[in-house]
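Here the structure is laid out as structure tokens; the discussion comes afterwards.
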Amino acid sequence: MKYAIGVEYCGVAYCGWQRQPHCDSIQQNLEAALGFIANHPVELVCAGRTDAGVHAIEQVAHFETSSERSQRAWVMGANCRLPRDIRLLWARPVPDDFHARFSALARAYRYIILNADVASGLFHDRSSWEFRPLDHEAMHEAAQLLLGEHDFSAFRAAGCQAKSASRDVQEISITRQDQLIYLDIKANAFLYHMVRNIAGSLISIGKGECNIDWFAKVFAAGDRNQADATAPAAGLYFLQACYPALYKLPTTTRKPVLF
């Protein structure tokens, strides 16, 4: 039987989603916990692998098992064996053709910037920080250039292994709530560091160091070296993956707001 799971985690203490021999990962902890409940080794495939320090509100993954357990048993049992910063939200049986990565129609991320004179002591590892005033309206205007299907080579990290840099951005917005600025983006898929690279260049516009014409030229040129620095991982949250209704998976509307 194949199961899909929803997972929430704080990425601060981990080297990212992917299992690695030299460090602690989200995948490693989840596979150990689920494997104990299943009484056999379990291998997970997720909707979108997150990097070190990146968080998730509802990551989706799937695994196969020969063990019969109730949905509650998977969730409660795994959570009893997981560290406090990783939580299984739900578990659902899915058809054999379901794939956490390839069945997803879209993924959504949120990037959080604390725009204040002083960095947060409580949330320093859960948000980015910029002390210079940011013009979020200029950032939003520039971000609209990214809507639609384009070549995103300008915001693609050197280590990206994707065969194509073409991605379809379906939604993107920059909003402000007091000292917090939120970059929300939804696309069919993302390149390695794509959201953080976009955030870095938009922050330069917000600071007034660059303008929208510069952003348009960088985007059109497709040269990562012309764009600005990669924004810190701490501000990035994987919000959710979107699937066809036929799979009947839960969907979250929660978004991190910090304060």
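The values are calculated or read from the model by the stated rules, or taken from the named source; none is laboratory data. All of these numbers come straight from a predicted model, not from anything done at the bench. Every residue, glycine as well, gets a Cβ built from its backbone with ideal geometry; the counts of neighbours run over all protein chains shown.
Restricting to segment 141-154, name every residue that is crowded, with 21+ Cβ neighbours inside 10 Å and touching a Gly at 6+ places or on another chain (Cβ under 6 Å).
Ala154
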* Sort through Lys207, Lys248 and tell me the only one that's at pLDDT below 95, surrounded by fewer than 21 Cβ atoms within 10 Å (Cβ to Cβ), over 20 Å from the mean Cα position of the chain (by Cα) and not assigned by TED's automatic domain parsing to the domain that holds Gly48. => Lys248
* To do: Would you tally the residues in segment 102-158 being closer than 17 Å to Val195 by Cα, part of a loop (DSSP other than H, G, I, E, B) and touching a Phe, Trp or Tyr at 6+ places or on another chain (Cβ under 6 Å)?
  => 1
* Structure fact -> Only one of Ala138, Ala162 is more than 23 Å from Arg254 (Cα to Cα), surrounded by 18 or more Cβ atoms within 10 Å (Cβ to Cβ), in the same structural domain as Lys186 (by TED's automatic domain parsing) and not hydroxyl-bearing (Ser, Thr, Tyr), namely Ala138
* **Residue list for segment 50-74, filter: more than 22 Å from the chain's Cα centre (by Cα) and surrounded by fewer than 20 Cβ atoms within 10 Å (Cβ to Cβ)** => Glu64, Thr65, Ser66, Ser67, Glu68, Arg69, Ser70, Gln71, Arg72, Ala73
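Being assigned by TED's automatic domain parsing to the domain that holds Phe36, at pLDDT 95 or above and basic (Lys, Arg), is that true of even one residue in segment 79-86?
First, pick out the residues of segment 79-86 that are assigned by TED's automatic domain parsing to the domain that holds Phe36: 79-86.
Narrowing further to those that are at pLDDT 95 or above: 79-86.
Next, only the ones that are basic (Lys, Arg) stay: 81, 84.
Yes; the residues of segment 79-86 include at least one that is assigned by TED's automatic domain parsing to the domain that holds Phe36, at pLDDT 95 or above and basic (Lys, Arg).
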* To do: Output the number of the condition that Tyr3 fails; it satisfies all remaining conditions of (1) without any contact (Cβ under 8 Å) to a residue 60 or more places away in the chain; (2) crowded, with 19+ Cβ neighbours inside 10 Å; (3) over 24 Å from Pro256 (Cβ atoms); (4) of a type outside the set (A, V, I, L, M, F, W, C).
  => (1)
* Asked: Out of curiosity, is Ala56 farther than 30 Å from Ser128 by Cα and modelled with pLDDT of 95 or more?
  -> no
